[in-house]
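Notes follow the structure.
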Amino acid sequence: MANSLPSGIPNVITLLRAKQMTLRFRQNREIILDERFRGRDVLPFSETIEKTSLQQLIDNPECTAIRIYFGMDEQLRVHPIIVGVNSRNEDIIDLTLPDTTETGELLNDGVRCPPVCPPPSPLNEPI
């Protein structure tokens, strides 16, 4: 893996591309799973994170990017783990604190869909 972030790569996509990608995901999210995990909502359609939490990461003077890891809870449901990234492509995590300290440097615990889904939008239209 590279140690530095590529520069000049746009993260913006069109609405059409986003609609195509989210539709493809909704159509295939159960098919790509082993049969043991189908019908258990292990892959969410979306997860909503509050702006204030995300803003706290972005406002860190060291933060030059946001990284999204994927983790699993005890029920094997996938969740995003969001962390700020510095100019050296390193996760911004205070390693001097115990692992059990909530510092606001790591985000998760968003509103998961399902069960709590957003209102209709071009990104979540029925199949």
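Each value in this text was obtained by applying a stated rule to the coordinates, not by laboratory testing. All values derive from a computational prediction rather than experimental measurement. Don't worry about glycine lacking a Cβ; one is built from the backbone with ideal geometry, like all the others, and counts go over all protein chains shown.
Select, from Asp94, Asp41, Asp73, the only residue that is farther than 26 Å from Pro10 by Cα, among the acidic types (Asp, Glu) and touching a residue at least 12 places away in the same chain (Cβ under 8 Å). Reasoning before the result, please.
On the way: Asp94 fails: touching a residue at least 12 places away in the same chain (Cβ under 8 Å); Asp73 fails: touching a residue at least 12 places away in the same chain (Cβ under 8 Å).
Unique residue meeting the criteria: Asp41.
Against the definition (assigned to a loop (DSSP other than H, G, I, E, B), free of Cβ contacts under 8 Å to residues at least 60 places away in the same chain and surrounded by 13 or more Cβ atoms within 10 Å (Cβ to Cβ)), how does Cys117 come out, yes or no?
On the way: assigned to a loop (DSSP other than H, G, I, E, B): yes; free of Cβ contacts under 8 Å to residues at least 60 places away in the same chain: no; surrounded by 13 or more Cβ atoms within 10 Å (Cβ to Cβ): yes.
Here the answer is no, as Cys117 does not meet what is asked.
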* Hits in the stretch 71-93 - residues which are out of contact with any Leu (no Cβ under 9 Å at 6 or more places or on another chain), in a loop (DSSP other than H, G, I, E, B) and surrounded by 15 or more Cβ atoms within 10 Å (Cβ to Cβ) -> Asn86
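Going by the structure shown, is Thr96 in a helix (DSSP H, G or I) and of a type in the set (Ser, Thr, Tyr)?
Numbers: in a helix (DSSP H, G or I): no; of a type in the set (Ser, Thr, Tyr): yes.
Taking the combined requirement at face value, the residue does not satisfy it.
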* Could you tell me whether Asp109 is among the acidic types (Asp, Glu) and out of contact with any strand residue (DSSP E or B) (no Cβ under 6 Å at 6 or more places or on another chain)? => yes
* Output the residue which, of all residues in the stretch 50-69 that are in a strand (DSSP E or B) and β-branched (Val, Ile, Thr), is farthest from Val85 (Cα to Cα). => Ile68
